[in-house]
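Right, one structure below, let's go through it.
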Amino acid sequence: MTLVKLATLAIATLFAPLCGAGELVIDVSSPDVTITVPNVPAMKMERHPMSATQPHARLLGSEGSYTVSVLMPTADAGMSALECASSTIGALSKRPGVPPQAQIYKARINAQTFIAIYAAPASGAVLLHAHLVSAAAGTHCVEVHVSKVSMSQDDLKPWFKDWDKANISAK
């Protein structure tokens, strides 16, 4: 099955329920936001190792096959969540290893949280990615990049489920 067919199948199940899964909750300060990520195990989030030279790189954590990073670049004054999402998600396909825009599923989860989700083939594996995007305090955009290394095509369908429960909100 081609990557496009797999992605289409997975996208069709994006908002289907996945029972028994936990969630990761991350609190960030300056600006203050709470991030809720469904179906990702709890993990210790530490200062991003690049934060000294790239202050927008805030937090990084990993647990098992999952990696989560929190990026908070400064935004033009008063940028909305939609404007941050348009800017961030619109530029994703220019990043290394990211498929073309047509192969990235994009959606508005709620008034302040947007998502871009896709699968990318890797040597002997599939890299599953989700980018949650919002705005904070009218001064920053928020990007939460969740990735999972999968050795099985069976992980694809569950990856695309329950993201409608993700949320980025101001405290």
- Which of the residues that make up the stretch 98-107 are more than 24 Å from Thr139 (Cα to Cα) and crowded, with 16+ Cβ neighbours inside 10 Å? Val98, Pro99, Gln103, Ile104, Tyr105
- Message: Condition first: in contact with a helix residue (DSSP H, G or I) (Cβ under 8 Å, 6 or more places away or on another chain) and among the β-branched types (Val, Ile, Thr). Now tell me which residues in the stretch 126-150 satisfy that.
- Response: Val126, Val133, Val142
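Can you tell me which of Ala91, Ala77, Ala57 is exposed (fewer than 12 other Cβ atoms within 10 Å of the Cβ) and closer than 22 Å to Ala137 by Cα? Even if it seems obvious, please write down each step before you answer.
Numbers: Ala91 fails: closer than 22 Å to Ala137 by Cα; Ala57 fails: exposed (fewer than 12 other Cβ atoms within 10 Å of the Cβ).
Result of the check over Ala91, Ala77, Ala57: Ala77.
So that you can scan it fast, the table gives a plain yes or no per residue for (1) part of a loop (DSSP other than H, G, I, E, B); (2) within 14 Å of the chain's Cα centre (by Cα):
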site	(1), (2)
Asp27	no, no
Val68	no, yes
Ala77	yes, no
Val98	yes, yes
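Checking the condition out of contact with any Ser or Thr (no Cβ under 8 Å at 6 or more places or on another chain) and not in a loop (DSSP other than H, G, I, E, B), which residue from Ala135, Ala120 passes?
Numbers: Ala135 fails: out of contact with any Ser or Thr (no Cβ under 8 Å at 6 or more places or on another chain).
Going through Ala135, Ala120 in turn, just one is out of contact with any Ser or Thr (no Cβ under 8 Å at 6 or more places or on another chain) and not in a loop (DSSP other than H, G, I, E, B): Ala120.
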- Message: Quick check on the stretch 110-119: of everything there that is more than 12 Å from Lys165 (Cα to Cα) and without any contact (Cβ under 8 Å) to a residue 40 or more places away in the chain, which residue is most open to solvent (accessible area, probe 1.4 Å)?
- Response: Ala111
- Look through the stretch 120-138, keep the residues that are under 16 Å from Val70 (Cα atoms) and of a type outside the set (Gly, Ala, Ser), and return whichever of them is most open to solvent (accessible area, probe 1.4 Å). His129
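Okay, residues lined up against (1) open to solvent by 40 Å² or more (accessible area, probe 1.4 Å); (2) not charged (D, E, K, R):
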site	(1), (2)
Glu23	yes, no
Val28	no, yes
Ala42	yes, yes
Met72	no, yes
Pro96	yes, yes
- Message: Which of the numbered conditions does Pro41 fail, given that it passes all the others? Conditions: (1) farther than 18 Å from Val149 by Cα; (2) not in a strand (DSSP E or B).
- Response: (1)
- By residue number, the members of the stretch 151-171 that are outside any strand (DSSP E or B) and out of contact with any helix residue (DSSP H, G or I) (no Cβ under 8 Å at 6 or more places or on another chain) are Met151, Ser152, Asp154, Asp155, Pro158, Lys161, Asp162, Trp163, Asp164, Lys165, Ala166, Lys171
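The values are calculated or read from the model by the stated rules, or taken from the named source; none is laboratory data. Note that the structure is a prediction, hence the values are computed from the model and not measured. Ideal geometry is used to build each Cβ from the backbone, glycine not excepted, and the neighbour counts take in all protein chains shown. These area figures cover heavy atoms from the full protein model, side chains too; ligands, DNA and RNA do not enter into them. Shrake-Rupley method; radii C 1.70, N 1.55, O 1.52, S 1.80 Å.
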